[in-house]
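Scroll down for the structure; my scribbles are underneath it.
The values are calculated or read from the model by the stated rules, or taken from the named source; none is laboratory data. Remember, predicted model here, so these are calculated numbers, not experimental data. FYI the Cβ positions are ideal-geometry reconstructions off the backbone, even for glycines, and counts take in every protein chain you see.
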Amino acid sequence: MTIEKTALAPGQEAPRQDATPTGKAPRSRLRDNRAAYALLGPNLLLIGLFLLVPLVWSLLMSFQAKRSFGPGEWSGLTNLSRLLSDDVFWRALLNTAIFTVATVPLSVGLGLGLAMLMDKALPGRGVFRTIVYLPIAVSSLVVSLVGLLLFDESVGIVNGVLRDLGVGPVSWQSNGALAMLSVVVMTLWTRVGFGMLVYLAALQDVDKEVLEAATMDGAGGFNRVRHVIVPWLRPTTFFLVVINMIWSFQVFDVVYVMTNGGPGYSTTMLVTYAYDEGFGPSRNFGYGATVGLVLLVITLAITAVQLRVNRRQEA
Amino acid sequence: MSRPLRFAVCLLVSAVFVLPLFAMVVVAFTPRELVFDGGASLWPSRFTTANFSNLFASFPVWRWFSNAMIVATLTTALSVAVNLAAGFALAKLQFAGRTFVLVVVLSTLMVPAQAVMIPQFELVARMGLIGLFWAVILPSASTALGVFLARQFFVSVPDELLDAARLDGCGTVATLRYVVLPMAKPLIAVMVLLAFMTQWNDFLWPLITLRDPDLYTLPVALRFLQGQFDADYGGLMAMALLSCVPLLVVFVALQRFFVDGFSRSGIR
């Protein structure tokens, strides 16, 4: 069960029982109305102003030739047609897809593996868990700068160790594929702990009796994992895959700081490209907003697939 | 897997996971000329605190810390207040348009802020907020995740409790004050931790809106220092270390709440 699914089922609650069934009910309902709007007001105001207005504005901007502030000029589909024939945009989309494919399965898979490893009693288990969780609390900027420290071609730690071993130097920054790899590694460092944390919480609830029954029936360790634990964890896995996909498609900080999209465009992502277009030298707000909308469409598509799969699982 | 083997694997995994943090700490205390000459190393021949004193001498480090505290504290307070109120209303009050509001609020879970950052920036600029912390605080305060967490919590609170309060003569405000809030302490703890951590570590939006080094929060300051220090990793790591120590301490001390919050933020 995931965020959207649980949340979008408002019909599930029990109907409100009015404490006083007499003539008082309408008055208390009125009071509820006023109280509800008062409680919701600040939130709705902030969401409306800072999210919904920009959302609509984004759509408008994508049909405008607009640089920096001020009114744009309507330009029809110019931004869209530029987008479709823009090699850098397609490269950014491809890179984002590669980054997603590289990070999501590993974040989830390693998270599961470590959760199983650290689920059962073990001396020092709490310390081990804490160490794997720690990167969750480290800001992406620190992660990125430490990533630079590790993968710097000339003075970095990794190349230093490799040199001592008689290997290298490896061109982590000037080779596009290796630069992508370095960004992926640092991303995994922060994501695996989150996956493990969520899996450990879910493992708490695995039905011990079913597990015992499986053991009695002669299921070995591998079979217990495959036929009992993995099916039990399916909703958790699904949640982690979706949230990791959304995070990966939105990646910005680590790439911006570690590679700034380079070398060339080999690590340019959707959001770094939108940022460069909107806030870089060209300050092309119209085109930057158009690239941003692509991210929105992809996120909505992932969510739509998620809702559909959830509904099928329910049925 | 046998227990000794599991222990050995855990040891190895922990070594790998702690390595980046270990490298950060070591290099923060490594003399800069060692890094320039032989490259950064995990076991330098000498240690120094010069990186820290240089950092404090050349940059407004305390200023950045106080900026970070101000922005994170105000955002957290505002965020918890508005999200808690909205979550409660959506869970426990009947009102016209409730389903519609619920769908709108929760749909915003799916809108990535990065997708609309350009018009968001122009909006904030036109409101005259650039150069003020409010440019960061106001757009970050209302989060669909916060509303969602609060609503989930309140849905599980029995209606009878609220009805009893009402029968005793409490209005909605008094019910909130004397019945709901005391009960919601664990929820508030989780919301505070998540909101504070998110804001303390947020980078892209403060990067766009805080254009003056005197206003920087820690992540933006780190980005600024990256340009200033170039390959002087000692100074950079000194600041990186300082910036993440407070949160790491809180995280380890309150791990239970974090684990609770994260695992409750999505599943089951």
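Just a few scattered comments:
- Taken across region A:202-212, residues that are surrounded by 21 or more Cβ atoms within 10 Å (Cβ to Cβ) and part of a helix (DSSP H, G or I) do occur, with at least one present.
- Residue match in region A:224-242 (condition: of a type in the set (D, E, K, R), more than 19 Å from the chain's Cα centre (by Cα) and away from chain B (no Cβ under 11 Å)): yes
- Scanning region B:73-103 for residues that are facing chain A (nearest Cβ under 7 Å), in a helix (DSSP H, G or I) and of a type in the set (Gly, Ala, Ser) gives B:Ala85, B:Ala86, B:Ala89.
A quick yes/no check of all residues on (1) part of a helix (DSSP H, G or I); (2) away from chain B (no Cβ under 11 Å):
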position: A:Met245; (1), (2): yes, yes
position: A:Val254; (1), (2): yes, no
position: A:Val257; (1), (2): yes, no
position: A:Gly278; (1), (2): yes, no
position: A:Ser282; (1), (2): no, yes
position: A:Gly286; (1), (2): yes, no
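- Yes/no for A:Ala219 being modelled with pLDDT under 90 and not in a helix (DSSP H, G or I): yes
- Here A:Val132 clears all of (1) hydrophobic (A, V, I, L, M, F, W, C); (2) crowded, with 23+ Cβ neighbours inside 10 Å; (3) without any contact (Cβ under 8 Å) to a residue 24 or more places away in the chain except the condition numbered (3).
- Residue within region A:154-161 that is modelled with pLDDT under 90 and surrounded by fewer than 16 Cβ atoms within 10 Å (Cβ to Cβ) present: yes
- Filter result for the condition that a residue is within 7 Å of chain A (Cβ to nearest Cβ), out of contact with any Cys (no Cβ under 9 Å at 6 or more places or on another chain) and of a type in the set (Val, Ile, Thr), over B:Thr172, B:Thr198, B:Thr217, B:Thr209: B:Thr172
- A:Val183 satisfies every condition listed in (1) surrounded by 23 or more Cβ atoms within 10 Å (Cβ to Cβ); (2) aliphatic (A, V, I, L, M); (3) within 9 Å of another protein chain (Cβ to nearest Cβ) except (3).
- Every pair of residues 6+ apart whose Cβ atoms lie under 8 Å, when the first sits in region B:31-44 and is within 18 Å of A:Leu145 (Cβ to Cβ) and within 11 Å of chain A (Cβ to nearest Cβ) while the second is in a loop (DSSP other than H, G, I, E, B) and aliphatic (A, V, I, L, M): B:Val35/A:Val155; B:Val35/B:Ala231; B:Phe36/A:Val155; B:Phe36/B:Ala231; B:Gly39/A:Val155; B:Ala40/A:Val155
- Meets criteria (in contact with an Asp or Glu (Cβ under 9 Å, 6 or more places away or on another chain), small (Gly, Ala, Ser) and either more than 10 Å from chain A (Cβ to nearest Cβ) or crowded, with 21+ Cβ neighbours inside 10 Å (or both)) for B:Gly131: yes
- Set A:Val251, A:Val255, A:Val228: member being farther than 23 Å from B:Phe224 by Cβ and not polar (S, T, N, Q): A:Val228
- Test result for B:Gln114, more than 24 Å from A:Tyr37 (Cβ to Cβ), part of a helix (DSSP H, G or I), touching a residue at least 40 places away in the same chain (Cβ under 8 Å) and at the interface with chain A (Cβ under 10 Å from one of its Cβ atoms): yes
Yes/no matrix, rows are residues, columns are (1) more than 8 Å from chain B (Cβ to nearest Cβ); (2) in a helix (DSSP H, G or I); (3) under 30 Å from A:Trp232 (Cα atoms); (4) under 24 Å from the mean Cα position of the chain (by Cα):
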position: A:Val53; (1), (2), (3), (4): no, yes, no, yes
position: A:Trp57; (1), (2), (3), (4): no, yes, no, no
position: A:Leu80; (1), (2), (3), (4): yes, yes, no, no
position: A:Pro105; (1), (2), (3), (4): yes, yes, yes, yes
position: A:Leu122; (1), (2), (3), (4): no, no, yes, no
position: A:Val127; (1), (2), (3), (4): no, yes, yes, no
position: A:Val143; (1), (2), (3), (4): no, yes, no, yes
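For (1) at pLDDT below 90; (2) more than 7 Å from chain A (Cβ to nearest Cβ); (3) under 29 Å from A:Val56 (Cα atoms), each residue gets a yes or a no:
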position: B:Val105; (1), (2), (3): yes, no, yes
position: B:Thr108; (1), (2), (3): yes, no, yes
position: B:Ile118; (1), (2), (3): no, no, yes
position: B:Arg126; (1), (2), (3): no, yes, yes
position: B:Phe148; (1), (2), (3): yes, no, yes
position: B:Val157; (1), (2), (3): yes, yes, no
position: B:Ala164; (1), (2), (3): yes, yes, no
position: B:Val179; (1), (2), (3): yes, yes, no
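- Odd one out for A:Gly286, checked against (1) in contact (Cβ under 8 Å) with a residue 40 or more places away in the chain; (2) buried (at least 23 other Cβ atoms within 10 Å of the Cβ); (3) of a type outside the set (S, T, N, Q); (4) out of contact with any strand residue (DSSP E or B) (no Cβ under 8 Å at 6 or more places or on another chain): (4)
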